[in-house]
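Just below is one structure, and these are the notes that go with it.
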Amino acid sequence: MPSTHFLLTGLCGAALVTGLSAGPEYAWGTGKLALGAEATLDAASGLSGQGAGRESLFGTVLGHALWTQTVEPAQAKEVTWSACTSVLWVEGRGPTERILGDFLAADNAEACQSLRLYSWWAEATGATWSWRSGALLADEEFCGTTAGGALINSAFGWPAFISGNVVNTGPAYYAAALGSRVALTLPRGWIAKVGVYDGDAFDSAVGDEHPNRHGTHYQLNADQGAVIFTELGYAPEGAPTRAYAGGWLHTADFADLGSGETHAGNHGAYAVIERTLAGKTGEAGNVEAHVRYGWAPEDRSTVAWAFDAAVAATGLLPSRPADVTALGFVYAEMSAKLAGQDFEQVTELSHSIALGDHLTVQPDLQYIRHVGAVSTASDAWLFSLRLSATY
């Protein structure tokens with residue numbers, strides 16, 4: 001067995017979670033302005049089946065400003081107006097680019113090295129509805145899971161059955177897309193969402209990151225099309241079991257992976273079941289689990305189907321009530337029309353150690369089968385150490 005070593009470096013950074021961190025608040029006009037920042041620096045070391053051991057080191061900084069105001073229009077219930085803008089700065093190369101070349105993206109903070117205008121939007125929220133428009137991130141709104149958020153591999157966040165089949169991963173980290181989303185809270189615990197977004201946030205059909213490198217280039221046309229997401233969920237307040245089902249439609253043209261003929265659009269569907277096995281969300285003694293499955297037509301889709309499951313426990317040790325331990329498994333089956341590719345599979349074990357209210361250290365171990373989803377590829381191990389700071 002060839003030798004390798006792990007790079008354990010002091011880090012300062014942010015986990016790029018979907019929620020906005022709670023920072024200092026100020027009165028601004030008739031509303032309230034909250035500022036927040038998240039930063040991460042990730043060190044990783046990997047060993048492939050060929051015996052190649054390499055390291056990577058990269059960091060991200062995400063800053064945002066969120067303004068809110070509650071008003072009571074005549075003849076209507078109160079409405080909360082919000083506006084948010086954020087900036088993302090990424091430096092260094094992550095493990096997928098520098099070490100592995102894997103398909104599922106082993107680190108969910110890895111991105112194009114750049115300083116970019118990230119997401120910005122305005123939102124109106126009523127008692128049973130909300131509407132948001134601007135440069136949006138669909139991965140913050142659709143198909144998310146609680147347990148998956150405790151893991152680092154990207155496939156536990158924005159799933160491969162979407163990211164691998166829309167253009168340039170769709171409106172998700174790290175490229176927001178112009179769009180609009182409506183969410184409704186229905187009786188008896190039902191939730192419905194619909195979002196419509198620009199079909200290509202990169203503005204490059206071949207995946208070149210440079211046309212929209214700084215997040216300030218916006219282009220809408222028929223060739224890029226639009227991507228539409230819908231989701232219906234059943235999540236009564238306090239219920240231990242939640243279920244979600246959804247679908248997506250991309251209106252651009254897609255080439256057949258076998259014949260090369262043109263298909264008008266692409267689409268897919270998914271289902272998610274979450275279960276609180278013990279305790280209450282976010283509290284010591286809590287255990288969350290999920291299973292998630294998605295499908296797309298393999299004549300025009302890189303990923304025919306994918307499945308993931310995870311369990312995350314908060315405060316397993318009474319002396320460490322804020323620590324989170326998570327175990328996850330993901331499998332992505334490639335289209336049968338892709339010669340030489342079959343699947344990529346990841347098993348991940350992670351443990352987040354809370355060092356006070358603002359700092360977290362997260363050692364993480366991943367075992368990746370068929371790196372790059374290549375049928376003849378060897379397997380690989382990846383060890384990462386993330387230090388996250390949130391203010």
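Among Tyr391, Tyr270, which comes first, then next, by fewest other beta-carbon atoms within 10 Å?
On the way: Tyr391 16, Tyr270 22.
The fewest-first ordering by Cβ neighbours comes to Tyr391, Tyr270.
Summing -39500 (n - 2.57) over the DSSP H runs of n ≥ 4 in the chain and dividing by its residue number, what mean residue ellipticity at 222 nm do you reach, to the nearest 500 deg cm²/dmol?
0 deg cm²/dmol
Can you give the local net charge around Cys143? Use residues other than it whose beta-carbon is closer than 14 angstrom to its beta-carbon, Lys and Arg +1, Asp and Glu -1.
Residues close to Cys143 contribute a combined charge of -2.
Using a Cα-Cα cut-off of under 27 Å, which lysines could be cross-linked to Lys77, ignoring same-chain neighbours fewer than 8 residues away?
Lys32, Lys193
Arrange Tyr173, Tyr218 by Cβ neighbour counts within 10 Å, fewest through most, would you?
With the fewest neighbours first, Tyr173, Tyr218 line up as Tyr218, Tyr173.
Ranked highest first by the average count of other Cβ atoms within 10 Å around their residues, in what order do 194-202, 328-336 fall?
Highest mean packing first, the order is 194-202, 328-336.
How many angstrom lie between the C-alpha centres of the stretch 339-381 and the stretch 129-159?
19 Å
Applying a 10 Å radius around every beta-carbon, put 294-305, 256-267 in order of their mean neighbour count, most first. Before the final figure, lay out the partial values.
Working: 294-305: 21.5, 256-267: 13.3.
Going from most to least packed, we get 294-305, 256-267.
Estimate the FRET efficiency between Tyr218 and Tyr26 by the formula 1/(1 + (r/R0)^6), using the beta-carbon distance for r and 25 Å for R0, to the nearest 0.05.
Efficiency, rounded to the nearest 0.05: 0.25.
Would you kindly work out the equivalent ellipsoid of the stretch 153-203 from its C-alpha gyration tensor and give its semi-axes, the square roots of five times the eigenvalues, largest first in whole Å? Write out the running numbers ahead of the final one.
Details: eigenvalues 116, 46, 13 Å².
Equivalent-ellipsoid dimensions as semi-axes: 24, 15, 8 Å.
Using θ = phi - 60° and the Karplus form 6.51 cos²θ - 1.76 cosθ + 1.60, what ³J(HN,Hα) does each residue of the stretch 243-258 get, whole Hz, x for Gly and Pro?
9, 9, 9, x, x, 9, 9, 10, 8, 6, 7, 10, 7, 5, 6, x
What is the chain by shape, rounded, prolate or oblate, if you read a ≥ b ≥ c off the alpha carbon gyration tensor as root eigenvalues and call it rounded for a/c under 1.5, prolate for a/b larger than b/c, and oblate otherwise?
Cα axes put the chain in the rounded bin.
Please list, in order, the residues from the stretch 148-181 whose amide nitrogen is less than 19 Å from a point placed 7 Å along the Cα→Cβ vector of Ile191.
148-151, 156-159, 172-173, 180-181
Choose one of Thr85, Leu317, Gly258: the residue whose Cα lies farthest towards the positive end of the charge dipole of the chain (beta-carbon charges +1 Lys, Arg; -1 Asp, Glu; about the Cα centre).
Sorting the options by dipole projection puts first Leu317.
Work out how much length Thr251 to Leu359 would gain on full extension: take 0.36 nm times their residue separation and subtract the Cα-Cα distance, in nm to one decimal.
34.6 nm
Per residue of the stretch 60-69, what does 6.51 cos²θ - 1.76 cosθ + 1.60 with θ = phi - 60° give for ³J(HN,Hα)? Whole Hz please, x for Gly and Pro, Karplus curve as stated.
Along the stretch 60-69, the couplings run 9, 10, 10, x, 8, 10, 10, 10, 9, 8 Hz.
In debye to the nearest 20, how big a dipole does the stretch 259-391 give about its Cα centre with +1 on each Lys and Arg Cβ and -1 on each Asp and Glu Cβ?
The calculated dipole for the stretch 259-391 is roughly 200 debye.
Report, in debye and to the nearest 20, how large the dipole of the chain comes out about its Cα centre when Lys and Arg carry +1 and Asp and Glu carry -1 on their Cβ. Could the numbers behind the result be given before it?
Numbers: 20 positive and 40 negative charges, 144 e Å.
Here the size comes out at about 700 debye.
Report, in debye and to the nearest 20, how large the dipole of the stretch 315-388 comes out about its Cα centre when Lys and Arg carry +1 and Asp and Glu carry -1 on their Cβ.
40 debye
Please report Asp223, Asp42 as a ranked list, fewest other C-beta atoms within 10 angstrom at the top and most at the bottom.
Asp223, Asp42
Could you sort 143-152, 225-234 so that the peptide with the highest average Cβ count within 10 Å comes first and the rest follow in order?
The peptides rank, most packed first, as 143-152, 225-234.
Bear in mind these aren't lab numbers, they're just calculated from the coordinates by the rules spelled out. Since the structure is predicted, the reported quantities are computational estimates derived from the model, not experimental observations. No Cβ is skipped: glycine too gets one built from the backbone with ideal geometry, and neighbour counts run over all protein chains shown.
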